[in-house]
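> Sharing a structure with you now.
The values are calculated or read from the model by the stated rules, or taken from the named source; none is laboratory data. Model, not experiment: these values are computed from the prediction. Ideal geometry is used to build each Cβ from the backbone, glycine not excepted, and the neighbour counts take in all protein chains shown. Areas reflect the complete protein model, heavy atoms only, side chains present, ligands, DNA and RNA absent. Shrake-Rupley method; radii C 1.70, N 1.55, O 1.52, S 1.80 Å.
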Amino acid sequence: MSTEPPPPPGSGEPPDDDPFRKQPPPPSYGEGPHGDGGPYGGGGPYGGGGYPADPLAGMPPLADSGKRTLARIIDMILVGIVVVLLTWVFGVSEYQMDGDRISAGRSFVQSLVAAVLFVAYDTLLIARSGQTLGMKWLGMRVANLADGATPSAQTSLLRALVLWVPFAFCCACIWTVICGGWSYFDKPYKQGLHDKAAKTVVVSTSS
């Protein structure tokens, strides 16, 4: 009679219908790249136990930061066109006339419209497929660092809020450079500040 133990049951995460879940990692567990079991302390990548030493094991390579920037510019242009059209149609832009000078500014309503559209665009598309249009065209996607799955709606919303709310209301250029540009220097996961808040990474889908 066989004395071999039964195979361990699967965790069930990420779901079987997620086309982007990462492949099973090799059965080696230990300390993470920072020597503390994971990039954020504890036994796994976010303080829990049972994760592989490298959360990226089995996932595609990380996306190039330059391509990420280009994808973000494409998204900004696409959504920006909609913002301009809507604010023009509903007359919520600020126009000031002073003699021979005509200057255009942004009203609070225009900033609010921009924030809502940018956040909705990112949240819906990332939660649906892990890709905005710019990411899809340039061959990359957003994934959970812990398991490689497509981010949930809650995770996608948090990521979008961190990225777009400061952009829309106060410091568009500065925040875009800081938040997105962080991935150029972050090691080892090339995360922007919005990725760190949502615990996600951007990986390549190109072969």
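> Limited to the stretch 105-114, what total is found for residues that are of a type outside the set (Gly, Ala, Ser) and either in contact (Cβ under 8 Å) with a residue 40 or more places away in the chain or buried (at least 18 other Cβ atoms within 10 Å of the Cβ) (or both)?
Looking only at that region, the number is 3.
> Continuing with the same structure: Which of the residues belonging to the stretch 178-190 are outside any helix (DSSP H, G or I) and either at positive phi or free of Cβ contacts under 8 Å to residues at least 24 places away in the same chain (or both)?
The answer is 185, 186, 187, 190.
Listed here are the residues, each with its yes/no results for (1) open to solvent by less than 10 Å² (accessible area, probe 1.4 Å); (2) closer than 27 Å to residue 54 by Cβ; (3) at pLDDT below 95.
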| site | (1), (2), (3) |
| --- | --- |
| 116 | no, no, yes |
| 152 | no, yes, no |
| 157 | no, no, no |
| 166 | no, no, yes |
| 185 | no, yes, yes |
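> Restricting to the stretch 29-82, and then to whatever is at pLDDT 50 or above and of a type in the set (Ser, Thr, Tyr), can you tell me which residue is nearest to residue 147 (Cα to Cα)?
Among them, the one singled out is 65.
> Spot the failing condition for residue 206; the list is (1) touching a residue at least 60 places away in the same chain (Cβ under 8 Å); (2) surrounded by 17 or more Cβ atoms within 10 Å (Cβ to Cβ); (3) of a type outside the set (Asp, Glu), and only one is missed.
In the conditions (1) touching a residue at least 60 places away in the same chain (Cβ under 8 Å); (2) surrounded by 17 or more Cβ atoms within 10 Å (Cβ to Cβ); (3) of a type outside the set (Asp, Glu), residue 206 misses (2) alone.
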